[in-house]
Amino acid sequence: MQRGSRGTRHAEEWSGRTENSMALRVGVIGGGQLARMMIAPAVELGLEIRVLAEAEGMSAQLAATAVGDYRDLDTVRAFAQDVDVITFDHEHVPQGVLRALADEGIAVRPGPDALQFAQDKLVMRARLAELGVPQPDWAAVANAEELQAFLDDHGGRAVVKTPRGGYDGKGVRVVSSGEEAADWFAEIGALLVEELVSFTRELAQQIARRPGGQMVAYPVVETVQRDGVCAEVLAPAPGASERLAQVAEGIGRQIAEGLGVTGMLAVELFETDDERILVNELAMRPHNSGHWSQDGAVTGQFEQHLRAVADLPLGDAAPRAPWAVMVNILGGPAEGTFEDRFEAAMTAHPEAKIHTYGKAARPGRKVGHVNVAGADLDDVVYTARAAAAQFD
């Protein structure tokens, strides 16, 4: 197969494969829990999954065929030689590496033109403004004086974010003085400042999109944050009106199309006190807000992501039950091991689906999650929380 034509021939190559031919090879950059959870659906879809892990012993070590620095072009290029399409466990691969791969005809999904908006929050905000997507008031600020001017215009308090990096509450500060971000200005330079939104809850909308534009939307969900970390997800969002669901889905579809996303897109949203829906942040990969779908939807987000990046028909995203709840296992057992807790959790809550990430326990760390689906929301929430608590 000619390398230069690789990115345009996947549909033809896939449809022409026979039972005895080599499976389509999906390369995942990043060896974390998201890559780990792609392994089982890849097997079910008949795909061969390969992982470039950052270090030995990571969550996705079962499929890790290479270990190396995802920031190094030669390392990533060597990994890409043995796969048909590249996708990601995270958004941190440098643009220079991504564009070099794309220029060599390697199918990168989502591609660098889309990923730049998940990698840099200032670039994201500017593009969403061009698309007319509802979002908080924001500005790029280069020093304490500019930040103070924004604060003076927005009630004296605002949210400051580092444009690149940052997750689970990292790289985010609520400030009331321009000097409170002085260290970040000295280290990073320009920062993103946003109005401090008065919201009633946080929501998330997931969209899957194929290269040709086919899209599938999941129900809008409510996410519950504790200490800046997602703790629970309720699907669908309780009390969500038909209008809210339509608006959230419309925003998700507009962003997926406008940014040219391929794969899973997660749009984190604020529902404000005055009933507006505003975009908070984006992720172009499977996302914590979609873990419920593994056991609560006809097609889980990990299978859906693989379908999308392999340019296969997308699956049904409909829920399997009226309610599904995901509760993260944060930190892990203070004493003993995960194995010590499994039997008790399974015995007490046989309806719960327990997913662990192969990570060592550490305070605040996401080390697994529990999914429960059913007809009564209170029962589902109680069971998911109780099962997750077995691992404290």
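The values are calculated or read from the model by the stated rules, or taken from the named source; none is laboratory data. Quick caveat: nothing in here was measured; it's all calculated off a predicted structure. All Cβ positions, even for glycine, are placed from backbone atoms using ideal geometry, and neighbour counts span all protein chains on display. All accessible areas refer to the heavy atoms of the entire protein, side chains included, with ligands and DNA or RNA removed. Shrake-Rupley method; radii C 1.70, N 1.55, O 1.52, S 1.80 Å.
Yes or no, residue by residue, for (1) open to solvent by less than 40 Å² (accessible area, probe 1.4 Å); (2) at pLDDT 95 or above; (3) outside any loop (DSSP other than H, G, I, E, B); (4) under 21 Å from V229 (Cα atoms):
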| position | (1), (2), (3), (4) |
| --- | --- |
| Q246 | no, yes, yes, no |
| G250 | yes, yes, yes, no |
| E257 | no, yes, yes, no |
| E271 | yes, yes, yes, yes |
| P286 | yes, yes, no, yes |
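From the list G315, G296, G300, which one is in contact with a helix residue (DSSP H, G or I) (Cβ under 8 Å, 6 or more places away or on another chain), among the small types (G, A, S) and closer than 23 Å to V229 by Cβ?
Result of the check over G315, G296, G300: G300.
Being outside any strand (DSSP E or B) and either of a type in the set (F, W, Y) or open to solvent by 50 Å² or more (accessible area, probe 1.4 Å) (or both) is the filter here; which residues of the range 190-209 pass it?
Once the filter is applied, which keeps residues that are outside any strand (DSSP E or B) and either of a type in the set (F, W, Y) or open to solvent by 50 Å² or more (accessible area, probe 1.4 Å) (or both), the range 190-209 yields L196, S198.
Is it the case that Y218 is within 28 Å of S293 (Cα to Cα), modelled with pLDDT under 95 and either among the hydroxyl-bearing types (S, T, Y) or touching a Ser or Thr at 6+ places or on another chain (Cβ under 6 Å) (or both)?
Working: within 28 Å of S293 (Cα to Cα): yes; modelled with pLDDT under 95: no; either among the hydroxyl-bearing types (S, T, Y) or touching a Ser or Thr at 6+ places or on another chain (Cβ under 6 Å) (or both): yes.
Taking the combined requirement at face value, the residue does not satisfy it.
Check A129, A114 and return the single one that is touching a Ser or Thr at 6+ places or on another chain (Cβ under 8 Å), assigned to a helix (DSSP H, G or I) and either modelled with pLDDT of 95 or more or surrounded by fewer than 20 Cβ atoms within 10 Å (Cβ to Cβ) (or both).
Details: A129 fails: touching a Ser or Thr at 6+ places or on another chain (Cβ under 8 Å).
Within the list A129, A114, the selection yields A114.
Identify, from the list Q81, Q61, Q33, Q95, the residue that is out of contact with any Ser or Thr (no Cβ under 6 Å at 6 or more places or on another chain) and within 30 Å of L278 (Cα to Cα).
On the way: Q81 fails: within 30 Å of L278 (Cα to Cα); Q61 fails: within 30 Å of L278 (Cα to Cα); Q33 fails: out of contact with any Ser or Thr (no Cβ under 6 Å at 6 or more places or on another chain).
Answer to the check: Q95.
Can you tell me which of K366, K353 is under 23 Å from the mean Cα position of the chain (by Cα) and open to solvent by less than 60 Å² (accessible area, probe 1.4 Å)?
K366
Looking at E145 and the list (1) assigned to a helix (DSSP H, G or I); (2) surrounded by 14 or more Cβ atoms within 10 Å (Cβ to Cβ), which single condition is not satisfied?
Against the list (1) assigned to a helix (DSSP H, G or I); (2) surrounded by 14 or more Cβ atoms within 10 Å (Cβ to Cβ), E145 comes up short only on (2).
Residues are listed down the side, and each one gets a yes or a no for (1) touching a strand residue (DSSP E or B) at 6+ places or on another chain (Cβ under 7 Å); (2) assigned to a loop (DSSP other than H, G, I, E, B):
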{"position": "I49", "(1), (2)": "yes, no"}
{"position": "G57", "(1), (2)": "no, yes"}
{"position": "T65", "(1), (2)": "yes, no"}
{"position": "Y70", "(1), (2)": "yes, yes"}
{"position": "T75", "(1), (2)": "no, no"}
{"position": "V83", "(1), (2)": "yes, yes"}
{"position": "H90", "(1), (2)": "no, yes"}
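Could you please tell me which pairs satisfy a Cβ distance under 9 Å, a separation of 6+ or placement on different chains, a first residue in the range 351-377 that is within 19 Å of Q61 (Cβ to Cβ), and a second residue that is among the β-branched types (V, I, T) and assigned to a loop (DSSP other than H, G, I, E, B)?
Taking only residues 6 or more apart or on different chains, the pairs are A361/T337.
State which residue is least open to solvent (accessible area, probe 1.4 Å) when the search covers only the range 148-166 and only residues that are part of a loop (DSSP other than H, G, I, E, B) and more than 23 Å from Q116 (Cβ to Cβ).
Per the stated criteria, the residue is G156.
Could you go through the range 333-344 and let me know if any residue there is of a type in the set (A, V, I, L, M, F, W, C) and closer than 21 Å to V233 by Cβ.
The answer is no; no qualifying residue exists.
Give the residues of the range 167-183 that are open to solvent by 30 Å² or more (accessible area, probe 1.4 Å), touching a residue at least 12 places away in the same chain (Cβ under 8 Å) and not acidic (D, E), sorted by residue number.
The answer is G169, K170, V172, R173, V174, S176, S177, A182.
Just for the range 369-381: of the residues that are over 25 Å from the mean Cα position of the chain (by Cα) and of a type outside the set (A, V, I, L, M, F, W, C), which one is surrounded by the fewest Cβ atoms within 10 Å (Cβ to Cβ)?
Residue satisfying both the conditions and the ranking: D378.
Contact list please: Cβ distance under 6 Å, first residue in the range 27-45 and in contact (Cβ under 8 Å) with a residue 12 or more places away in the chain and in a helix (DSSP H, G or I), second residue of a type outside the set (A, V, I, L, M, F, W, C) and surrounded by fewer than 22 Cβ atoms within 10 Å (Cβ to Cβ), pairs at least six apart or on different chains.
If the second residue must be of a type outside the set (A, V, I, L, M, F, W, C) and surrounded by fewer than 22 Cβ atoms within 10 Å (Cβ to Cβ), the pairs left are Q33/Y357.
How about the range 74-99: which of its residues are surrounded by 17 or more Cβ atoms within 10 Å (Cβ to Cβ) and among the hydrophobic types (A, V, I, L, M, F, W, C)?
V76, F79, A80, V83, V85, I86, F88, V93, V97, L98
Can you pull out every residue in the range 216-241 that is outside any strand (DSSP E or B) and either touching a residue at least 24 places away in the same chain (Cβ under 8 Å) or not hydroxyl-bearing (S, T, Y) (or both)?
Taking the range 216-241 first, the residues outside any strand (DSSP E or B) are 218-220, 227-228, 236-241.
Hits for the range 216-241 are Y218, P219, V220, D227, G228, P236, A237, P238, G239, A240.
Residues A388, A384, A348: which one is surrounded by fewer than 18 Cβ atoms within 10 Å (Cβ to Cβ) and of a type outside the set (K, R)? Before the answer, list the steps.
Details: A388 fails: surrounded by fewer than 18 Cβ atoms within 10 Å (Cβ to Cβ); A384 fails: surrounded by fewer than 18 Cβ atoms within 10 Å (Cβ to Cβ).
Only one candidate qualifies: A348.
Select from the range 92-102 the residues that are among the hydrophobic types (A, V, I, L, M, F, W, C) and part of a helix (DSSP H, G or I) and write down the one among them that is nearest to A118 (Cα to Cα).
Out of the qualifying residues, it is L98.
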